[in-house]
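**Student:** Structure incoming, see below.
The values are calculated or read from the model by the stated rules, or taken from the named source; none is laboratory data. Computed from a predicted model, the values in this text were never measured in an experiment. Cβ sites come from the backbone with ideal geometry, for glycine too, and all protein chains shown count toward neighbours. The accessibility values were calculated without ligands, DNA or RNA, using every heavy atom of the protein model including side chains. Shrake-Rupley method; radii C 1.70, N 1.55, O 1.52, S 1.80 Å.
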Amino acid sequence: MNSREENVAGRRRNNRKVLIAVGVLLAVLLLCAGIGAVFGEDRVDDAAPAPTTTAATAATLSPAAQPAPVAPVPPSATSSAEITTTTAAAPPPATADYSDPRCAPASAELVAQVAAGLTAEGNQLANGTVISEGGITYFGATTVDAVGDMDARSDVWIVRDGAVYSSTGGARGNSNFPRASDALGISPGDPIVTAVDTCVIDLTE
């Protein structure tokens, strides 16, 4: 065999080796693809959720066997009537029990007006009471200090034409209003001054 024939034979052997290697590679690829497909189907089957017992039960029940919805119960007419009756029967707020029927609670505006003239810092007025006669308002109140302790049980001021005047000793000493005895000629012993003073004392007992 000459060299030319040897070269041809060598190329043929090389070609057969390449073809065999390619065939083996293709067979391995096909085998891997088949195995992947089998395991992929198993994973899909495992991931599919199983129907719950409630869903399966609902699917098997006929429409007639389904539970009927429960309608809300409206409030009874009796309950509404009872509530209305209870509200209507509530007692009115209690009023001050004055010893003199002429006494009445003072307005918040009047209490604030007189309290603005107090000389002690932090003092306020409580139990504000008035008697109004002849265009004059007789105002009595309890004076309390900044912490709520009683400073004076009852004092009386007199209001005429919007101006405030101090009447009793405590009112004169604890506020900066002019004296009613000097400006109006009304003394601390005036019967109406005494009456409103007593009404305030009644509220502190």
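**Student:** For the pair VAL24/SER99, report the inter-label distance in nm, with labels modelled 7 Å from Cα in the Cβ direction.
**Tutor:** The modelled label-to-label distance comes out at 12.8 nm.
**Student:** Ok, one more. Express the relative contact order of region 89-205 as a whole percentage, based on alpha carbon pairs under 8 Å and six or more residues apart in sequence.
**Tutor:** About 25 percent, as a whole number.
**Student:** Taking 0.36 nm per residue of sequence separation and subtracting the Cα-Cα distance, how much length would be gained by fully extending the chain between ALA120 and LEU184, in nm to one decimal?
**Tutor:** Between ALA120 and LEU184, full extension yields an extra 20.5 nm.
**Student:** Just the number, please: Stokes-Einstein D of region 114-200 in µm²/s, Kirkwood Rh from C-alpha pairs, 20 °C, 1.002 mPa s.
**Tutor:** 170 µm²/s
**Student:** Would you mind giving the three semi-axes, in whole Å and largest first, of the ellipsoid equivalent to region 162-205 according to its Cα gyration tensor?
**Tutor:** Working from the Cα gyration tensor, I get semi-axes of 19, 12, 9 Å.
**Student:** Which residues does the label zone of THR194 cover in region 147-188, counting backbone N under 13 Å from a point 7 Å along Cα→Cβ?
**Tutor:** The answer is 187-188.
**Student:** Would any residue of region 106-142 have its amide N under 16 Å from a label point 7 Å out along Cα→Cβ of ARG160? List them or say none.
**Tutor:** From region 106-142, the list is 131-139.
**Student:** Please report the carbon-and-sulfur percent of the accessible area for region 114-205; probe 1.4 Å, protein heavy atoms only, DNA, RNA and ligands left out.
**Tutor:** For region 114-205, the apolar C and S fraction of the accessible surface comes to 44 percent.
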